[in-house]
Amino acid sequence: MATERYHRQVILHGFGETAQLLLSKARVLVIGAGGIGCPALQYLAAAGVGCIGIADDDTVALSNLHRQVLFNTEDIDKPKVRIAKKRLEKMNPEIEIISHPVRLERAHIIALLKDYDYVLDGTDNFESRYLINDACVLLGKPLIFAAVSGFEGQLAIFNVADKQGQRCNYRDIFPIPPQPGEIAGCAENGVLGVLPGIIGTMAAAETIKLITGIGRPLINQLLQYNLLSQDQYKMNISPGDDYAIAQNEDDFLKMTDPVFCALEVGYTEIDAEQLLSLQKQSTIIVDVRERHELPILNEQIYKKAPMTEFPTFLDSDIEEENMVFICQHGIRSILAAQAAQEKYGTSKNIYSLIGGIANWKNYFLEATK
Amino acid sequence: MEIDIISFGKISEFIKNQRVDITGISDTDALKIYLEKTFPEISQMKYKLALNENLIQQNTQISGNDLVAIMPPFSGG
């Protein structure tokens, strides 16, 4: 056990053999082998966490490489979990690495999580994050939550009792998931590679602190980190009472977030060709961009209803059978389609123009003439 | 009465960190109404307030020089 490999951390005052032994006995599941998952995995493996699971169903893409530091150019198109496992085993052959090449789904997440003591969430979407949170609450698993947006990061530990015996989870902060399109992810918004590197490394540090009992892990606290200013803001989380989480597995399997099921049945994303053919039918096309945004479109053809005035638009009567929402990049139009879908259900056909006006410039340049 | 406001993520694009005079506003419920009226963008968003580094779960009194943080959820990884 007392290998030279861990010598520098074992000699640390307040760490020692005891902490190293705790690490070697710990089982940590890292979900998402992306910008946050990669650095977290590297440090957890290097530190000697005894068993590390990696769950991800994605393959390596060229645009991943500036932040997903476990992968090389030659790994493009290969499954992330396979490459990550290979790299980590080379880095530390003394630990066990288990790959789970799956996208977490409600039906099997419980079985997967049961094999682990700690869960580190480095996924890139709200649907996964709420699913992981709810499963961890049900199983009472400590959850290390790490997320980024723009130049900022969020870090927290959920489902671990503090000194008062209180346990908080993600829904205590944000009870309901945002609407699709409400908060842009890295794919739409961009991310500087080093940011998830920092947040992922901090998540690994919190995991190690939690396992070994050193320091003050972020239990029931949310840390906001700003890369541009190096400002950090920490706030205390307390339990909320405006949400419900399944208390047993049967209920968990039946549980749905309205936001996400609407995604499956609600509206359809279309391209400019489909928009053109819809225009020949009973269709209203609604431009949800703000009034100052360019290009200005002909309001006779494209009804103006900026998102900031959208509730007023929704209150008005619409006669057309089809509603197509458009915006600059096809993100806000999803939010609009979602809201319209909530009001009209299946009584109207609802569409959002994929990629927005920016994606179909030629089409709209023609249309503005 | 003046308080300090700090904001995060997308919300910081339209609510800059600032010191504001909120005379007439004495609790977080009233502050929320004021914020959503002054910055209509946030009324369309999920966000949470923290008062002096504590998450607000129910209406809470605000005093002069308090620090109010406004944060949206992040999902990127």
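Key figures for this structure:
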quantity: Identity of the residue in the stretch A:191-231, among the hydroxyl-bearing types (S, T, Y) and touching a residue at least 40 places away in the same chain (Cβ under 8 Å), that ends up nearest to the other protein chains (Cβ to nearest Cβ); calculated: A:Y225
quantity: Verdict on A:D58 being touching a strand residue (DSSP E or B) at 6+ places or on another chain (Cβ under 9 Å), surrounded by fewer than 24 Cβ atoms within 10 Å (Cβ to Cβ), farther than 17 Å from A:E94 by Cβ and away from chain B (no Cβ under 14 Å); calculated: no
quantity: Tally of residues being outside any helix (DSSP H, G or I) and within 32 Å of the chain's Cα centre (by Cα) across the stretch A:1-29; calculated: 4
quantity: Condition check for A:K234: basic (K, R), facing another protein chain (nearest Cβ under 10 Å) and not in a loop (DSSP other than H, G, I, E, B); calculated: yes
quantity: Qualifying residues in the stretch B:1-16 (those that are surrounded by 14 or more Cβ atoms within 10 Å (Cβ to Cβ) and assigned to a loop (DSSP other than H, G, I, E, B)) - the one farthest from the chain's Cα centre (by Cα); calculated: B:M1
quantity: Close pairs from the stretch B:13-26: first within 21 Å of A:E152 (Cβ to Cβ) and touching a residue at least 24 places away in the same chain (Cβ under 8 Å), partner assigned to a strand (DSSP E or B) and not aliphatic (A, V, I, L, M), Cβ under 6 Å, at least 6 apart; calculated: B:I15/B:S7
quantity: Single residue of A:S347, A:S352 found to be touching an Asp or Glu at 6+ places or on another chain (Cβ under 7 Å), among the small types (G, A, S) and away from chain B (no Cβ under 14 Å); calculated: A:S352
quantity: All positions within the stretch A:61-87 that are within 22 Å of A:I199 (Cβ to Cβ), part of a loop (DSSP other than H, G, I, E, B) and not basic (K, R); calculated: A:A61, A:L65, A:H66, A:Q68, A:V69, A:L70, A:F71
quantity: Positions within the stretch A:88-119 being in a helix (DSSP H, G or I), in contact (Cβ under 8 Å) with a residue 24 or more places away in the chain and more than 23 Å from the chain's Cα centre (by Cα), in sequence order; calculated: A:L88, A:M91
quantity: Unique residue being within 28 Å of A:V160 (Cα to Cα), crowded, with 23+ Cβ neighbours inside 10 Å and not aromatic (F, W, Y) when the list is A:I110, A:I36; calculated: A:I36
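Residues are listed down the side, and each one gets a yes or a no for (1) buried (at least 16 other Cβ atoms within 10 Å of the Cβ); (2) touching a Ser or Thr at 6+ places or on another chain (Cβ under 9 Å); (3) closer than 19 Å to A:D271 by Cα; (4) among the aromatic types (F, W, Y):
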residue: A:E293; (1), (2), (3), (4): no, no, no, no
residue: A:L297; (1), (2), (3), (4): yes, yes, yes, no
residue: A:K303; (1), (2), (3), (4): yes, no, yes, no
residue: A:E321; (1), (2), (3), (4): no, yes, yes, no
residue: A:C327; (1), (2), (3), (4): yes, yes, yes, no
residue: A:G330; (1), (2), (3), (4): yes, yes, yes, no
residue: A:A336; (1), (2), (3), (4): yes, yes, yes, no
residue: A:S347; (1), (2), (3), (4): no, no, no, no
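Bear in mind that the values in this text are calculations on the coordinates, not laboratory data. Computed from a predicted model, the values in this text were never measured in an experiment. Note: ideal-geometry Cβ built from the backbone for every residue, glycine included; neighbour counts use all protein chains shown.
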